1. Can you pull the one-decimal nm distance between simple spin-label points at residue 146 and residue 27, each 7 Å off the Cα toward Cβ?
2. In the Gaussian network model of the chain, springs joining C-alpha atoms below 10 Å, which of 83, 97, 40 carries the largest mean-square fluctuation?
3. Assuming 0.692 mPa s and 37 °C, estimate D for the chain with Stokes-Einstein, Rh taken as the Kirkwood radius over Cα pairs, in µm²/s.
4. Return the equivalent ellipsoid semi-axes of the stretch 76-164 as a descending list in whole Å, where each equals the square root of 5 times an eigenvalue of the C-alpha gyration tensor.
5. When Lys and Arg each count +1 and Asp and Glu each count -1, what net charge do the other residues less than 11 Å away from residue 126, Cβ to Cβ, add up to?
6. If I take all pairs of Cα atoms in the stretch 12-100, what percentage of them are more than 17 Å from each other?
7. Of 111, 36, 153, which has the largest mean-square fluctuation in a 10 Å C-alpha GNM of the chain?
8. For the stretch 26-71, take the convex hull of the Cα atoms, compute a quarter of its surface area, and give me that in nm², please.
Amino acid sequence: MENRIRFVAEVVDAVAEAIGPERVGLRISPDNPVNGIADTDADILYPALLAHMADKNLAYLHVVLADPDQPLFQRIRADWPGTLIANPVLGQGPIPTDGGRQAAERLLAAGADLISLGRPFLANPDLVERLRTGAPMNQIRDKYLMYVGGPTGYSDYPTLDAVR
Ligand SMILES: Cc1cc2nc3c(=O)[nH]c(=O)nc-3n(C[C@H](O)[C@H](O)[C@H](O)COP(=O)(O)O)c2cc1C
């Protein structure tokens, strides 16, 4: 655990030294199993990591798979003194019909300062406008196309204006 924290700390310190800590954000993915990176000890590791990071004056901490009901998320919010960005748990299925708004609002109520949304934004370049007005959401056409390079199925989704 000490070495895992040391690796992050050395990278953060080196980047902060080069460009200033106020330009450095740290993104963590507790319990995210993607590509076999699952943690075995997230409840201990992340609070220990944040204890090393809290006084570095970083621009933000960004938490992936943020669940407002999860004690670890609540602990992270309590421990992190700066800006906290939360990426809600939307699942791997279709984009929620509300574009993730309800999940986002639950995180804001749990103390997140900012919300990040990934796939809803890819499929809906005017996502903010759709969230604001409750307009219907485009769905991801083909998950595979998001990862293979080129605009098709990645950055070619229509805005509301384009289909009106
Ligand atoms: C095409 C694509 C590429 C991604 N690349 C990265 C990446 O390089 N690093 C990373 O930490 N997360 C990456 N993610 C994960 C997203 O940042 C985000 O955490 C994830 O999609 C869950 O949020 P969402 O449900 O709002 O999409 C990627 C996601 C997608 C769809």
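Quick note: the coordinates plus some simple rules give every number you see, no bench work behind them. A quick note: this is a predicted structure, and the numbers were derived from the prediction, not measured. Note that we place each Cβ from the backbone using ideal geometry, even for glycine, and neighbour counts take in every protein chain shown.
1. Result: 1.2 nm between the two label points.
2. Judging by the Gaussian network model, the answer is 40.
3. Details: Rh = 17.5 Å.
In µm²/s, the coefficient is 188.
4. Values for the stretch 76-164, descending: 26, 16, 11 Å.
5. 0
6. Value for the stretch 12-100: 53 percent of Cα pairs lie more than 17 Å apart.
7. Comparing 111, 36, 153 in a Gaussian network model of the chain, the most mobile one is 36.
8. Averaged projected area of the stretch 26-71's Cα convex hull equals 3.6 nm².
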